[in-house]
Amino acid sequence: MSDRNPGMDLDLEWVSKVRVNTQAVLKRAQQVQGRKVAKKEWQAAWLLKAVTCIDLTTLSGDDTPSNVHRLCMKATQPVRYDLLRSMDMHDKGITTAAVCVYPSRVADAVKSLKAANSSIPVASVATGFPAGQTPLKTRLEEVRMAVEDGATEIDIVINRTLALTGQWADLYKEIRHFREACGDAHMKTILAVGELGTFTNVYKASLVSMMAGSDFIKTSTGKESVNATYPVAIVMVRAIRDYYLKTGHKVGFKPAGGIRTAQEALVWLVLMKEELGDQWLTPNLFRLGASSLLGDIERQIYHYVTGRYPAYHELPMA
Amino acid sequence: MADRSSHSVYNIFNSMEFGPSAESSAATAASWLEKHSRSLGLFIDGKFVHPDNRETLAVSDLKGEILCSIVCADDEDILSCATSSAKGFQKWKEMSDSWRHKVLLRLASSLQRYSQCVCEVCDLCRIPGSAPALVRLAQYYAGWAQLRHTLLPEWNPRGVVAVVMSDDVFFYSVWLKVLPALAVGNAVIVVPGVKTAPPTLLLAQLLMEAGLPAGVLNVVTGNGSVGVRVAQNNQISYVTYSGSKQDGELLMKQMAGRGIPVSLSLSVCSVCPFIIFETADVDSAVDGLMDTAFKNCTEWRWVVCVQESVYDAVVEKLKFRMAGMKCVGVSDECERGRVDAAVHEAEQQGATLIQSRPPPSSGCVYPPTVVCNVAPSCSAVVSPPPGPVVPLLSFRSAAEGVALGNYRPHGRAASIWTEDLTLALETAKSLCVGLVCVNTHSVTDPSLPQSGRRESGTCTDGGREGLYQFLSASVTPARSEPVSVDYTRFGAAASRFLVPEGSNSSSVSRSCSHLVGGKVCKADSGCSRAVQAPGGTVLAQCPDGGRKDVRNAVEAALKVQPGWMKKSPAARALALYSLADSLDKRRQDMAASIHNQTGLSMEEAAQEVELSISRLSDWAALCDKQNGHVPLLPHTGSALSTPEALGVVGVVLPDTKPLLSMVSVLGATVSVGNAVVMVPSEKFPLPALDFISVLQACDVPAGVVSVISGGKDQLTQALANHNEIQAIWYWGSAEGRQFLQHCSPLKRLWLHCEEEEDEDGGKFWTKPSFSMQEEMWRECVVWKSVWIPTA
């Protein structure tokens, strides 16, 4: 992992100067979606890159040790071995970037992965996910417990009330506390963009989160009505670029929620490459939060290798 | 898949390259070209014709491979084409509005059907052409065809219109001329450039399929001179040109003296300001810049002006975003050399470069380059070479940004970036351009009227306003043959000192003054000339003005005109009412002046004064009635189109109705916010000179109106040679008209014959129709559109 973002003092002047032109961002998003990746081996390689950036996620009320276990197994072997082998990629360590579960399932995931001799990190959502409407004290406790259980990445949600009312200093303080509670675990800050109102607010919240020491900023919980959209991603990614140009620290980006197809995964990679450059195209700085995406990618890879579309039962269940 | 190994999945996985872009298919274009055996003829009288023994020109694609050949038309072809167009015009003119409407609508739908083919042909010929934009254009002007008689009664089509294009014009620009011309009932001869020829021929064919009668649209191809030869044909009633400044000027000169109006749209290579204020969404501005500046074919060139407080941010973002960008193709080695030279020159003058990669040692490509801290005089700023090179300048305040943006010879378009609405609108108002895009870099829609300013032309295209160039309300000057004029000596005759012929000592003539920049004075040269009554008696000595008087008048006008233009229309109306009032108070004196000067009866003279008063009141009343509009675009956002004053207008007045003609012109020009320098009739200057005291007694600010008496040719020459004068209205000799067309091709010229004092001539002034008044108003203004896209 690259050097972590240590954060910086809250610079409210910088935050206040932020300006975002909505139509220009929408236009840019259209452009990015129009940029095509070549077919064949290029597509296969890009899709495998996407696989290595996936935070394979299950966040349901009915999660139990058995489906978490299956998820972990899928994370260690995300694409059928024979398919990888035919592309000569079987020995290149293709796994997903992490598995992502609720705090109560962290122990199960850690156990499953340990048993499989895998070093895939376990990520846990925390801090009153998804609404964040619980007292700060319990939210902090949640983080500490997840870390104790063995989570090495924590996806925290910000307090939208503070962001919407412009209390950036308080938001900064809260995230700072979370960062302390995380300790060595990496912190991904979920902005819940669908509930922030404007692009300008998204940009500001991104800046404040990074100033407070987030290692990643993440679009949404997947539980809001509006999830990861390309325009909102462009706004966040620009904030990342701004922060990097000013401080020299690279912060990662994680879109999550509603990403289901291989085609979408490609657009996300294009967006990162166009806006931030190749250096951001690694799991250290880019994650895709998804659950059903992997299945579609595997199907596309199957098609690339065999020239046929697989029946659903031909690919292992996640 | 020869080198599959280097493109192994693993290698790509590590490099994350995009891979080769998919070869764009050109199958339909190829099959169209094949159908014509890859040799395209001329399109005359509804079909392709292949005259024998003509030279041909090859059209090549990006790789230099020959796509097809086009015919170089010779004089015989042009003649048959003109004859066919004249017949076509008769048919087309007679058709009903709804029929013309139907034809254009059918064109729109067949464009939709064949959009693939049109795009591919454009691509192959390396000219940008977007089918949806063309469809919209056809639909828009189809609407105007339907409504012509309802909304534009009294206006008539001009006849056969020649649309001449240079090689590097956008395909859309060709049709932005052709379709409005067709919509209002003209026949059109298109002379496309070599590269635009194949798609133009394709569209001509589509129009024919849509039901356009044969001959209404003819396409003549050929080398450089064919445009001029077509324009000079005596069937042509109007010539409009789109392309580069050089060729446009040349065409204008060659059309001098033919009595045919010529207008120029010179957007090719226009340098446009791209202004980024500190209140901008800088990331979006940088994106916009990269989107528009580093393409291999663009019509406009950009100069980026960045406010100092965000200059570093812009530079850093550009560096970050441009890193590793691929080289962009330039058209040939020679062009690449020019780009290289310009960049080197800038570097030597201390500029620093942001370059995505070092330029390769050879090949027709160049890396995207931003030239920072460049001297404003550097050729990279003044005339940026056609390539992916953009100069970057900085400014301190918003006002300085506008000044920097205006400080260039072109006036085509501007892109401004700020989230501050007030600043955006103020800036848009102050920029001397035809199109202002706020927080975006371009917009293509036919409903936006845009005038070229300064060196970007003399023509208004788009919108309802773009139709008027193809219509006429008044009687247009008759066609004529050029006469021999010594351009260097025109108007150079020295003033004649008049020795007083003291035969009759009792009538020592009075001595008049003229009005220069608000001051009543003698001619700068000190010379004067005698004014004679029709009987031959010397009535007075009037100043014999010249170059320096014009210079002084223009200087004064430039100082007061911006303030006059900024005044509210209501305030301008009041000033003009006060002028009418002032004239009313001196009606006796003025009538006497006309009577003495022209020999008209007192009664007729009084009538002219009466009409003059009412004319001034007309224009005063119109001040706050003629307004801009809000075009409705198919995109989300707000557009504003406003008429704006030209600046300083020079007018050479006729002998007819000396007071009425002067007052009509004065009212029209001044009411919209122009300053005017008027040259009264050489023969009958006294009413105009006597009017000076009327002017001085009213509220029109000093300097807005100047009246300079003297030799007509001399003063015409002086007006023509002052580059701050934006437009010249001229009533006078064929030589004078020819001289003006030849010597000031970039001014807006409104040329009229000196009418005889007959029924017709008088009518122009005494009984102008509504449309004639409107035509005069349209000659006084230029159109600016502001486009503010919103989400």
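The values are calculated or read from the model by the stated rules, or taken from the named source; none is laboratory data. Since the model is a prediction, treat every value here as computed from it, not as a measurement. FYI the Cβ positions are ideal-geometry reconstructions off the backbone, even for glycines, and counts take in every protein chain you see. Each accessible area value is taken on the protein alone, full model and side chains, heavy atoms only, with ligands, DNA and RNA left out. Shrake-Rupley method; radii C 1.70, N 1.55, O 1.52, S 1.80 Å.
Tabulated data for the structure shown
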item	result
Residue in segment B:204-211 that is within 30 Å of residue A:232 (Cβ to Cβ) and either surrounded by 20 or more Cβ atoms within 10 Å (Cβ to Cβ) or more than 14 Å from every other protein chain (Cβ to nearest Cβ) (or both) present	no
Looking only at segment B:614-632, and only at residues there that are of a type in the set (A, V, I, L, M) and surrounded by fewer than 18 Cβ atoms within 10 Å (Cβ to Cβ), the one that is farthest from the other protein chains (Cβ to nearest Cβ)	B:621
Residue in segment A:38-55 that is more than 11 Å from chain B (Cβ to nearest Cβ), within 25 Å of residue A:257 (Cβ to Cβ) and open to solvent by 10 Å² or more (accessible area, probe 1.4 Å) present	no
Test for residue A:62: is it at the interface with chain B (Cβ under 7 Å from one of its Cβ atoms), open to solvent by 10 Å² or more (accessible area, probe 1.4 Å) and at pLDDT below 95	no
Any hit, segment B:592-601, residues being open to solvent by 30 Å² or more (accessible area, probe 1.4 Å) and under 30 Å from residue B:446 (Cβ atoms)	no
Selection status of residue B:62, of a type in the set (A, V, I, L, M), assigned by the TED database to the domain that holds residue B:178 and assigned to a helix (DSSP H, G or I)	no
Every residue from segment B:103-134 that is open to solvent by 10 Å² or more (accessible area, probe 1.4 Å) and farther than 30 Å from residue B:65 by Cα	B:105, B:106, B:109
Single residue of B:529, B:547, B:586 found to be among the basic types (Lys, Arg), surrounded by 20 or more Cβ atoms within 10 Å (Cβ to Cβ) and more than 30 Å from residue B:462 (Cα to Cα)	B:529
Residue satisfying condition, being without any contact (Cβ under 8 Å) to a residue 60 or more places away in the chain, touching a Ser or Thr at 6+ places or on another chain (Cβ under 7 Å), surrounded by 16 or more Cβ atoms within 10 Å (Cβ to Cβ) and part of a strand (DSSP E or B), within set A:154, A:120, A:94	A:154
The one condition in (1) closer than 30 Å to residue B:723 by Cβ; (2) in contact with a Gly (Cβ under 9 Å, 6 or more places away or on another chain) that residue B:575 fails to fulfil	(2)
Single residue of A:98, A:107, A:29 found to be in contact with a Pro (Cβ under 7 Å, 6 or more places away or on another chain) and away from chain B (no Cβ under 12 Å)	A:98
Of residues in segment B:256-282 being charged (D, E, K, R) and open to solvent by 10 Å² or more (accessible area, probe 1.4 Å), the one nearest to the other protein chains (Cβ to nearest Cβ)	B:278
Residue count for segment A:280-318, restricted to those that are among the charged types (D, E, K, R) and in contact (Cβ under 8 Å) with a residue 24 or more places away in the chain	4
Options B:34, B:76, B:17; residue that is within 14 Å of chain A (Cβ to nearest Cβ) and open to solvent by 70 Å² or more (accessible area, probe 1.4 Å)	B:17
Verdict on residue B:88 being in a loop (DSSP other than H, G, I, E, B) and open to solvent by less than 90 Å² (accessible area, probe 1.4 Å)	no
From the options A:56, A:84, A:26, residue that is over 29 Å from residue A:168 (Cα atoms) and assigned to a helix (DSSP H, G or I)	A:84
Residue A:104 being of a type in the set (Ser, Thr, Tyr), buried (at least 20 other Cβ atoms within 10 Å of the Cβ) and part of a helix (DSSP H, G or I)	no
Given (1) surrounded by 19 or more Cβ atoms within 10 Å (Cβ to Cβ); (2) within 28 Å of residue A:205 (Cα to Cα); (3) within 14 Å of chain B (Cβ to nearest Cβ); (4) touching a Leu at 6+ places or on another chain (Cβ under 7 Å), number of the condition residue A:14 does not satisfy	(1)
Members of segment A:251-288 that are open to solvent by 30 Å² or more (accessible area, probe 1.4 Å) and within 12 Å of chain B (Cβ to nearest Cβ)	A:273, A:274, A:278, A:279, A:282
Residue list for segment A:170-183, filter: closer than 12 Å to residue A:154 by Cβ and in contact with a helix residue (DSSP H, G or I) (Cβ under 8 Å, 6 or more places away or on another chain)	A:175, A:178, A:181, A:182, A:183
Residue within segment B:556-565 that is under 25 Å from residue B:615 (Cα atoms), free of Cβ contacts under 8 Å to residues at least 24 places away in the same chain, out of contact with any helix residue (DSSP H, G or I) (no Cβ under 7 Å at 6 or more places or on another chain) and assigned by the TED database to the domain that holds residue B:717 present	yes
Test: residue B:8 is open to solvent by less than 50 Å² (accessible area, probe 1.4 Å) and either more than 30 Å from the chain's Cα centre (by Cα) or modelled with pLDDT under 90 (or both)	yes
Residue in segment B:329-345 that is touching a Phe, Trp or Tyr at 6+ places or on another chain (Cβ under 6 Å), part of a loop (DSSP other than H, G, I, E, B) and either at pLDDT below 95 or surrounded by 23 or more Cβ atoms within 10 Å (Cβ to Cβ) (or both) present	yes
Matching residues, segment B:525-569, being charged (D, E, K, R) and not in a helix (DSSP H, G or I)	B:529, B:544, B:567
Flag if residue B:753 is under 18 Å from residue B:617 (Cα atoms) and open to solvent by 10 Å² or more (accessible area, probe 1.4 Å)	no
Looking only at segment B:776-791, and only at residues there that are farther than 24 Å from residue A:21 by Cα and either assigned by the TED database to the domain that holds residue B:418 or in contact with a Ser or Thr (Cβ under 7 Å, 6 or more places away or on another chain) (or both), the one that is surrounded by the fewest Cβ atoms within 10 Å (Cβ to Cβ)	B:783
Matching residues, segment B:275-303, being among the aliphatic types (A, V, I, L, M) and within 19 Å of residue B:381 (Cα to Cα)	B:275, B:276, B:286, B:289, B:290, B:293, B:303
